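*Asks:* Please read through the structure below; I'll follow up with questions.
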Amino acid sequence: MRTQYCGELNKSLEGQTVTFCGWVHRRRDHGGVIFLDVRDRKGRVQVVFDPDLAEAFATADRVRSEYVVQITGLVRARPEGAVNKDMSTGEIEILGKEINVLNESKTPAFPLDDYSPVGEDVRLKYRFLDLRRPEMQSKMVLRSKITGAIRRFLEDRDFLDIETPILTRATPEGARDYLVPSRTHEGSFFALPQSPQLFKQLLMVSGFDRYYQIAKCFRDEDLRADRQPEFTQIDMEMSFMTEEQIMDLTEEMFCHLFKEVLGVEFDKIPHMTYAEAAERFGSDKPDLRIPLELVTVSDIMKDVDFKVFSGPANDPKGRVAALKVPGGASTSRKIIDGYTKYVSIYGARGLAYIKVNDVTDLEEGLQSPIVKNLSMDARKALMEKVGAQTGDIIFFGADSEVVVNEALGALRCKIGADLDLYTSEWSPLWVVDFPMFEETKSGGITAIHHPFTAPSCSPEELEASPLTALSRAYDLVLNGCELGGGSVRIHDPKMQETVFEVLGISKEEQEEKFGFLLDALQFGAPPHGGLAFGLDRIVMLMTKSESIREVIAFPKTQTAACVMTQAPGVVSEEQLKELSIRIRKPIIEA
């Protein structure tokens, strides 16, 4: 039906007759001459219809936006002064000879251009129209280029694309499972996979030493801008490789991807320990484009007459930290109040500050409600430790270490965005040496990554001091966003059993949930490790989108619903009966 795409027409075809198909993007009637901009996924081209060809002109006169048309015409150079440099086809236009309306269209629910503001609910309801917009088309094209580049890279290095099951059994991986009732096994349920973790480890045991998959994963969790109930990850696993070798290969892939798709080149990606990232940036995914750092000042605050500071400073699990913002002394009270409200989201009970109006005058040059509680020695030590200069503002966090890190870490990023402090466009980072476990609020222990991550110590050392043990895990961070991570896995049955015991998973539960894995580890499991990247997050960052919903063809809303198909929906009583399921109606009190 066509000889070329709209966007492929150019000056090299001048004088030739071409046929193309697409949607009418815009129609204009200029003094008896009709102009149509026709669009397909490769771009737009301008078509001119003269009254001399009466039949084609009459058809062009009745078409409207989003009609589907087939056009045959002559490629000619645009008149002098009419070249459109913003279009790839802007040097030429098509003199329309024939036009065939393949389908008509109702008036779209919103303009299909890059400039008209449209509510997300409307866009998602008419997603099939939203995806026609050039902006959305370019994002989907880029997503396809990314997956293609990844596949070529991995397959050139002997990785095998192997699919793992979608219907599996529930396993604890940190979020709720989506459950699927089984008709043939009454009262039993499948679970949709949160990741292919256990299956890819079994593939290593099976001898497929380099595996990858562009895998669909599912998590029934509360949503944010970068979360979806179903998402796609680039899943990789390798045998007979150390964590350094795995990171090197992955880094090579990451750098290759950015160079091929965006033309961006990276130097060697730096490594930073989890402990250093938390200390300096209050986060295990620091945005290194922002030149602000947290400074621990607990030692200075231990003896001050201000319990808000001295309490956490003397608490082994507490922290008092300072965040200096150069030139920030002019920050208004309204903005400070806004920052105070912002950090409360992260559990902070307030936001102390000092404006450094004159760093040489510790008596009158420091402006703050808290200065009166600090001795001259404490003021002097504080100014020296944070490297304060006249004109700066210093914000403080004083609470448990977790609250201080989360609150000041988030404030650091917000200030960086508000003041546009970014020093570069891209800043990747490997974060390594994560703790193996952390304490829960109830006093228990949970794995920071997952219970199949190998610790960097022996089973005996792990059992003796689990909270000081480090894992052989690694995360790749870009611009303050965790793209993905992984670890060397446990391949020794004794170590795996020790981890389960530390986590309080009984022998019975181990056998019930992970018996097949523990069994496999006893049949010559090789040393192995891997990682998984969030494809949606990568595309979101590379397209500079605000949300991963912008880079998924048919996403869910923040309530995990599809407003286009009205999913999830009710099912018939017959279907429920087949599955031995009865819906419990909520009790309405009189």
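No value in this document is a laboratory result; all are computed from the given coordinates. On a predicted model such as this, the values are computed, not experimentally measured, just so you know. Glycine also receives a Cβ, built like all others from the backbone with ideal geometry; neighbour counts cover every protein chain displayed.
*Asks:* For each of His491, His30, count neighbouring Cβ atoms within 10 Å of the residue's Cβ, then give the residues from fewest to most.
*Replies:* Final ranking by Cβ density, sparse to dense: His30, His491.
*Asks:* Taking the Cα centre of the chain as origin, sum charge times position over the Cβ atoms of Lys and Arg (+1) and Asp and Glu (-1), and report the length of that vector in debye to the nearest 20.
*Replies:* 1920
*Asks:* Check cross-link reach from Lys513 to the aspartates and glutamates: straight Cα distance under 15 Å, and skip same-chain residues fewer than eight apart.
*Replies:* Glu173, Asp177, Glu497, Glu501
*Asks:* On full extension of the chain, what length is gained from Glu230 through Ser580, given 0.36 nm per residue of separation minus the C-alpha to C-alpha distance?
*Replies:* That pair, Glu230 and Ser580, stretches by 123.4 nm at full extension.
*Asks:* To continue, here is another question. Past the 26 Å Cα-Cα mark, which pairs from Lys355/Lys414; Lys285/Lys341; Lys302/Lys334; Lys216/Lys494; Lys341/Lys380?
*Replies:* Lys302/Lys334; Lys216/Lys494; Lys341/Lys380
*Asks:* When the chain is fully extended, how far beyond the present Cα-Cα distance does Thr3 get from His256, taking 0.36 nm per residue of separation?
*Replies:* Full extension of this stretch gives 87.7 nm more.
*Asks:* By count of other Cβ within 10 Å, fewest leading, how are Thr340, Thr360, Thr423, Thr446 ordered?
*Replies:* Lowest count first: Thr360, Thr423, Thr446, Thr340.
*Asks:* Something else now. Starting from region 187-280, pick out the trypsin sites (Lys or Arg not before Pro) whose DSSP state is loop and whose Cβ has at most 16 other Cβ atoms within 10 Å.
*Replies:* Filter output for region 187-280: Arg224, Lys268.
*Asks:* With point charges of +1 on the Cβ of Lys and Arg and -1 on the Cβ of Asp and Glu, referenced to the Cα centre of the chain, which listed residue (Ser471, Val75, Val371) lies farthest in the positive direction of the dipole?
*Replies:* Going by the Cα projections, it comes out as Val75.
*Asks:* Here is a follow-up. For region 181-187, in order, what is each residue's ³J(HN,Hα) by Karplus, 6.51 cos²θ - 1.76 cosθ + 1.60 with θ = phi - 60°, in whole Hz (x at glycine and Pro)?
*Replies:* Result, rounded to whole Hz: x, 9, 6, 8, 10, 4, x.
*Asks:* If R₀ is 56 angstrom, what is the calculated FRET efficiency for the pair Ile370 and Ser506, using the beta carbon separation as r and rounding to 0.05?
*Replies:* The value I calculate is 0.65.
*Asks:* Okay, next question. Between region 347-390 and region 556-585, what's the alpha-carbon centroid distance in Å?
*Replies:* 58
*Asks:* Could you go through region 268-273 in sequence order and give the Karplus-derived ³J(HN,Hα) for each residue, using 6.51 cos²θ - 1.76 cosθ + 1.60 with θ = phi - 60°, rounded to whole Hz, and x for Gly and Pro?
*Replies:* Per residue, the Karplus-derived 3J(HN,Hα) values read 4, 6, x, 10, 9, 6 Hz.
*Asks:* Okay, moving on. Can you pull out the chymotrypsin sites (Phe, Trp or Tyr not before Pro) in region 458-527 whose DSSP state is coil and whose Cβ has at most 10 other Cβ atoms within 10 Å?
*Replies:* Here the chymotrypsin sites (Phe, Trp or Tyr not before Pro) that fit, given the DSSP loop and packing criteria, are Phe523.
*Asks:* Moving on to the next point. Extension gain Asp220-Lys441, at 0.36 nm per residue separation less the Cα-Cα distance, in nm?
*Replies:* 77.4 nm
*Asks:* Place a point 7 Å from Cα of Asp113 in the direction of its Cβ. Which residues in region 12-39 have their backbone N less than 11 Å from it?
*Replies:* From region 12-39, the list is 26-27.
*Asks:* Once whole DSSP H runs in the chain are found, which of them have Cα atoms spread over 24 Å or more along the helix axis and a mean Kyte-Doolittle score of at least -0.5?
*Replies:* Helices meeting the criterion: 134-155, 243-262, 401-418.
*Asks:* Mind checking which aspartates and glutamates have their Cα closer than 14 Å to the Cα of Lys145? Skip sequence neighbours fewer than 8 apart in that chain.
*Replies:* Output for Lys145: Glu260, Asp536.
*Asks:* Then there's this: Which whole-number percent is the relative contact order of the chain (Cα, under 8 Å, 6+ apart)?
*Replies:* Rounded, it is 13 percent for the chain.
*Asks:* Okay, next question. How far apart, in nanometres, would the label points at Ser545 and Asp52 be if each is projected 7 angstrom from Cα along the Cα-to-Cβ direction?
*Replies:* 4.6
*Asks:* Looking at (i) 75, 60, 54; (ii) 96, 68, 52; (iii) 93, 72, 67, which value of Cα extents along the principal axes in Å comes from a calculation on the structure shown?
*Replies:* (iii)
*Asks:* Please report, in debye to the nearest 20, how large the charge dipole of region 290-423 is about its Cα centre when each Lys and Arg carries +1 at its beta carbon and each Asp and Glu carries -1 there.
*Replies:* My answer is approximately 360 debye.
*Asks:* Another one. Could you list Val180, Val297 in order of exposure, starting from the residue whose Cβ has the fewest other Cβ atoms within 10 Å?
*Replies:* Result, fewest neighbours first: Val180, Val297.
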